[in-house]
Amino acid sequence: MDDTALTLTTDMMLVLGLVGFTMVMFLFERIRADVVALVVLVMLGLAGLVAPEEIFNGFSSNAVMSIIATMILGAGLDRTGALNRLAGWLLRRAHGVEARLMLLTGAVAGINSSIMQNPSVMALYLPVASRLSSRTGLTLPRLLLPIAAAIVMGGGLTMVGNSPLILLNDLLLAANGNLPSGAATIEPLKMFAPLPIGLALLAGSLAYFHFRGGKLEREDDGTGATPARTQSYFAKAYGIEGDVYELTVTAESPLVGMSLGEAEALHNAPLLLALKTGDDARLAPPADTRLWVGSVLGAMGPKEQVSDFAQNQFLRLSARLRNFGDLFNPSRAGIAEAVIPATSKFIGKTARALALRRQMGLDLLAVNRDKTVLRENVRDVPLRAGDMMVVHGIWTDLAETAKSKDLVVVTDYPKGEQRPHKLKIALGIFAVAMLLALSSRLPVSIALMTGVAGMLITGVINIDEAYASINWKTVFLMACLIPLGWAMDSSGAAAWVAGHSIEQFPSGTPAWVMQLALALLTTAFSLVISHVGATIVMVPLAINLALAAGGNPTAYALIVALSASNNFMTASNPVISMVTGPAGYTGKELWQVGGPLSLIYTVIAVVMVNLMF
């Protein structure tokens with residue numbers, strides 16, 4: 001590196017000033033981050049630090065298009081209820097062993113995050129965690145942080161697992177235009193280039209919480225879940241508890257020829273929420289529907305109660321939902337609370353008279369009236385204004401009923417249409433997109449957009465749902481800040497900082513020491529300016545630091561991209577911010593548990609990158 005490159009110019013000072021401005025604005029959060037990013041973009045253009053014809057190229061970059069594609073693909077998988085099916089599978093595989101359940105859940109969540117944006121995976125796992133919590137007794141504080149950590153770690157398995165890694169290849173290619181003469185061209189990393197590093201990080205996270213998970217043990221103070229997300233709330237408030245089982249009517253059963261309403265009135269009968277006769281399966285079947293040999297009932301209750309009922313009525317019991325798996329998918333149906341307003345047409349009428357099951361597809365389970373819970377003969381109770389109805393049904397049916405304004409739903413539930421019948425199609429399209437991404441002939445963005453087009457064409461997701469699934473704040477933030485990274489490189493500011501940084505190290509300092517310092521500095525930046533901002537600022541610096549030290553620029557840049565996600569201590573990490581509220585974590589708890597994990601992350605990342613490069 002010649003002396004000219006180390007001379008501080010006006011352009012360098014302007015770029016470094018913009019970097020400082022960005023950090024201060026992000027730190028104090030007086031202005032929204034995406035607005036700050038737009039201001040920085042405009043100032044880059046006004047100052048001439050980026051050419052006018054290139055200033056908006058960040059919006060069309062491969063990184064931004066890849067992030068948009070992964071968001072839409074994730075929404076498509078969500079519409080099919082793919083991850084909600086994991087809860088039952090995880091419980092079956094764990095065989096009631098807590099340690100095994102924690103390892104399985106973390107491992108599967110980490111693998112999922114390798115092909116989807118981390119916040120999207122965490123959003124899908126929140127209801128999964130709540131269901132696991134309600135069925136095992138594990139508190140959400142015990143579950144959520146290990147899952148969140150596994151998702152962050154698993155993002156390092158592929159080049160599309162998180163925003164910093166998606167950005168990395170674009171930043172590496174941009175750096176080629178400013179390399180000193182004689183320096184080798186930097187090649188972009190392939191789809192699964194970081195796989196060994198991601199596997200080591202994920203294993204480190206699982207081992208950490210396996211041996212130190214007790215740090216998250218505390219009494220459940222009720223902040224661990226919301227009524228919308230867990231069955232435990234309805235068990236405590238209404239006595240509605242247990243799992244769903246299938247009961248098949250045999251030829252010897254006294255229920256043959258009996259109506260569903262008569263069966264429900266039998267002593268110690270569980271909640272009968274679904275019925276399949278022939279090929280017709282439905283939730284909330286009308287009370288006058290007759291039961292015949294071969295009819296299958298969807299019964300909910302404690303296992304002992306359901307088992308006794310099955311034995312007394314000569315029914316064949318199955319804990320596996322072969323007939324009702326899609327109907328009872330939490331993303332499609334569930335229990336909700338709804339209040340009857342003073343203007344409701346329901347007032348003075350019973351559920352039986354309203355034909356809630358037949359006309360609206362809703363099954364009334366209980367009524368909360370003046371803090372008194374009514375469950376006996378609840379369908380014959382005249383409803384009053386202010387009554388809290390507890391109903392079970394398909395979410396779309398509930399949403400349709402709520403439009404009439406005769407009841408006000410107070411439980412948060414999925415408003416969009418769920419398409420579990422499209423699951424195999426969605427998984428097939430996703431697999432094809434991943435295979436295309438592995439091809440060196442196609443950019444990852446084109447491969448992922450091929451999957452998006454496939455999901456749109458096959459009806460897995462419609463275009464309005466696709467638009468709604470995109471987090472435009474994230475997209476805008478990244479697209480506006482990408483030119484700042486270009487300016488850091490093209491102005492020579494990154495080279496100037498790298499050169500002066502090298503001077504601070506004693507002669508003969510090992511490369512791994514500089515890499516460790518780089519990783520820690522990037523982690524510190526990520527706490528202040530987000531993982532995207534830290535990546536954009538630090539990758540050009542890392543490349544120039546590697547060139548000055550005679551190291552591998554790709555290795556140094558990869559350490560930065562990995563370290564940008566190394567934040568388990570503050571809510572500036574989107575994944576951590578999503579679990580802080582539901583689990584009720586305090587800042588002290590996050591630092592106590594996340595601090596050591598962050599150090600482990602740094603050591604593993606530096607060691608594995610050096611082993612690979």
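If a/c stays under 1.5 just call it rounded; otherwise compare a/b with b/c (prolate if a/b is bigger, oblate if not). Do that for the stretch 532-598, with a ≥ b ≥ c from the square roots of the Cα gyration tensor eigenvalues. It would help to have the intermediate numbers written out before the result.
Numbers: a/c = 4.25, a/b = 2.74, b/c = 1.55.
Here the stretch 532-598 falls in the prolate category.
Tell me whether the stretch 333-409 comes out rounded, prolate or oblate; compute the Cα gyration tensor, take square roots of the eigenvalues as a ≥ b ≥ c, and use a/c under 1.5 as the rounded threshold. Write out the running numbers ahead of the final one.
Details: a/c = 1.38, a/b = 1.23, b/c = 1.12.
Note, shape of the stretch 333-409 comes out rounded.
Pull out the extension gain between ASN377 and GLU304, defined as 0.36 nm times the separation in residues minus the alpha carbon to alpha carbon distance; nm, one decimal.
On the way: separation 73, 0.36 × 73 = 26.28 nm, distance 2.23 nm.
Working it through step by step, the gained length comes to 24.0 nm.
How high is the FRET efficiency between LYS473 and THR343 when r is their beta carbon distance and R₀ equals 51 Å, given to the nearest 0.05? Spell out each step's value before the answer.
Working: r = 38 Å, r/R0 = 0.75.
Taking R0 as 51 Å, the efficiency between LYS473 and THR343 is 0.85.
Mind pulling up the Rg/Rh value for the chain? Radius of gyration and Kirkwood radius, both on Cα.
Details: Rg = 28.1 Å, Rh = 26.7 Å.
My calculation of the ratio gives 1.05.
From the phi of every residue in the stretch 512-519, what ³J(HN,Hα) in whole Hz does the Karplus formula 6.51 cos²θ - 1.76 cosθ + 1.60 yield, where θ is phi - 60° and glycine or proline is x?
3J(HN,Hα) across the stretch 512-519, in whole Hz: 5, 5, 5, 5, 5, 5, 5, 5.
Check ALA333: other-chain or 5+ apart residues with amide H under 5 Å from its amide H, H built from backbone geometry?
TRP395
Rounded, prolate or oblate: which fits the stretch 22-82, taking a ≥ b ≥ c as square roots of the Cα gyration tensor eigenvalues, rounded meaning a/c under 1.5, else prolate when a/b beats b/c? Intermediate values should be presented prior to the final figure.
Details: a/c = 4.70, a/b = 1.65, b/c = 2.84.
Verdict is oblate for the stretch 22-82.
Can you give me the distance in nm between label points at GLU54 and THR509, each placed 7 Å from the Cα along the Cα-to-Cβ direction?
3.0 nm
Please rank LEU448, LEU383, fewest neighbouring Cβ atoms within 10 Å first, as an exposure proxy.
Numbers: LEU448 28, LEU383 22.
Neighbour counts put them in this order, fewest first: LEU383, LEU448.
Using 7 Å Cα-to-Cβ label points, what is the SER259/VAL35 separation (nm, one decimal)?
6.2 nm
Putting +1 on Lys and Arg Cβ atoms and -1 on Asp and Glu Cβ atoms, find which of VAL296, ALA479, VAL42 reaches farthest to the positive end of the dipole of the chain.
Selected residue: VAL296.
Using just the helices of the chain, give the 222 nm mean residue ellipticity in deg cm²/dmol: DSSP H runs with n ≥ 4 each add -39,500 (n - 2.57), and the total is spread over all residues, rounded to 500. It would help to have the intermediate numbers written out before the result.
Values: 23 runs with 331 residues, N = 613.
Estimated from H runs of four or more residues: -17500 deg cm²/dmol.
Listing GLU98, GLU241 from the residue with the fewest other Cβ atoms within 10 Å to the one with the most, what is the order?
Working: GLU98 13, GLU241 17.
Fewest-to-most Cβ neighbours within 10 Å comes out as GLU98, GLU241.
What's the extension gain from LEU427 to ARG369 if we count 0.36 nm per residue and subtract their Cα-Cα distance?
Fully extending the segment from LEU427 to ARG369 adds 16.3 nm.
Roughly speaking, what is the stretch gain from MET13 to LYS403, that is 0.36 nm per residue apart minus the C-alpha to C-alpha distance, in nm to one decimal? Numbers along the way, then the final one.
Working: separation 390, 0.36 × 390 = 140.40 nm, distance 5.85 nm.
My answer for the length gained is 134.6 nm.
Which order results if ILE151, ILE72, ILE340 are arranged by neighbouring Cβ count within 10 Å, fewest first?
Values: ILE151 33, ILE72 25, ILE340 20.
Going from sparsest to densest Cβ surroundings: ILE340, ILE72, ILE151.
Just want the answer: with Cβ charges of +1 for Lys and Arg and -1 for Asp and Glu, which residue in LEU283, VAL575, GLY334 is farthest toward the dipole's positive end in the chain?
Going by the Cα projections, it comes out as LEU283.
List every residue whose amide H lies under 5 Å from the amide H of LEU365, counting only residues 5 or more places away in sequence or on a different chain, with H placed 1.01 Å from N in the peptide plane.
VAL390, VAL391, HIS392
Considering just Cα atoms, how many Å³ per residue does the convex hull of the stretch 261-340 enclose? All intermediate terms of the calculation are to be shown ahead of the outcome.
Details: hull volume 10.0 nm³, N = 80.
Cα convex hull per residue, to the nearest whole number: 125 Å³.
Where a number appears in this text, it was derived from the coordinates with a stated rule and is not lab data. Just so it is clear, the structure is predicted and the values come from calculations on it, not from any experiment. As a convention, Cβ positions derive from the backbone with ideal geometry for all residues, glycine included, and neighbour counts pool all protein chains shown.
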